[in-house]
Amino acid sequence: MHSETVAQNPCRTFFQLHELNQDKVKALNEQEDRLNWESLSASSHSPGIVDSGEVLCRILFDPIHFDPLTSTLKPSAFDDICNKGLSVNRVKHRGIAESLAAGAAQAETASRLRTPRSLYGHLVALASELRSVAREGQRCLAIYDTAIPENPSHADVCMVVPDRAAFRSARAQLHDKYKSQLVPA
Amino acid sequence: MLMETIAFATLLASQKPVTKMEGLFSNSGINCGRQFFETTDISHVYTSVAGRQGSFVAPVLNSGWVYDQQDSLVSQITDYGEVLKARSAADGRPYDLAQIQKMIGAIKMIPSGIPTPNPMLSDSGELGLYWDTESAFADLVLEASGRFSLFIRQKDGASKETFLEDIDLTESVFESLAEPLGLLCDA
């Protein structure tokens, strides 16, 4: 566990303040040091910052992320990179089976409280691959260890370029890279 | 509706596509057509899979049934409208029927020389269409403002990108987008 205090760690202060903010990426992009914050832990519940060699698991839901008619991944599977942060689990801290079980429970809750949603499956990505997504030589994505008490493996992938064209480019690149790597539950 | 759509999509997958050329792009040198699926069995199969008398009505061309993928797309956008309406009832987020109508209007304006796109709905309720062909990726998004934005990324080595925003979509605008949208046509 890291020993930085909140006062020494603006990254943690930011993510605590914006924990429930559904548009926190916008606020993140107002922070000058946002890229450097990847080297600071964002949560006191985290096992540590996200290493570039780590494998990350993204849980996918139908109908937002997956199209059952064409059996393809939708670009909207990655929309959260520009609003609340794209939730992923760090596989070395939570196995894929456990992530899928949590995803199924999440889908059930969402279906009960909001609108029908079902678990489709998952995809995995290397942290280094996500960090290499760039547009016009500028890095687009950063990964923060936004662990929560019930899921210490939780991390957020966020846009670090406050630009709609960059978002669309990053989303298209992610879609192209991972569309053939879907793993059904 | 979902089961019916799946059954119908399965049926379509087994049909031989018939490529037609028509519409606004006929003089623009763009050489790809919307796919139509021609069959004489749609009504029968649709009814038997859905398990009830079919209410499906398809246009007729010559002696066969023809189902335009655009109709399926409009149907999916309409279904998204139901999702947004239910979501609004659940959490109070505003639901704007005009956005659904606007997107359907946009679909109907897509020149027939352009491949039929796929629909998408973001978690935040934003409606979009996307194309993913051998030559390029593109998405057309209806922003909260009621205006559209279009992104295109070529799949050649240079990965050239085009981004246009604040578009008030009309048929004439689509015509002016002939060149970038033409990238969606596979060689």
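FYI, it's all coordinate maths here, none of it is from the lab. This structure is a prediction, so every number in the text was calculated from the model and none was measured. We place every Cβ from the backbone using ideal geometry, glycine too, and count neighbours over all the protein chains shown.
The residue that is surrounded by the fewest Cβ atoms within 10 Å (Cβ to Cβ), counting only those in segment A:62-78 that are among the small types (Gly, Ala, Ser) and more than 7 Å from chain B (Cβ to nearest Cβ), is A:Ser71. Among residues of segment B:152-176 being among the hydrophobic types (A, V, I, L, M, F, W, C) and part of a loop (DSSP other than H, G, I, E, B), the one that is farthest from the other protein chains (Cβ to nearest Cβ) is B:Leu169. On the stretch given as segment A:117-138, residues that are exposed (fewer than 14 other Cβ atoms within 10 Å of the Cβ) and without any contact (Cβ under 8 Å) to a residue 40 or more places away in the chain total 3. For segment A:22-33, filtered to residues that are over 16 Å from A:Leu86 (Cα atoms) and among the charged types (D, E, K, R), the residue that is farthest from the other protein chains (Cβ to nearest Cβ) is A:Asp33.
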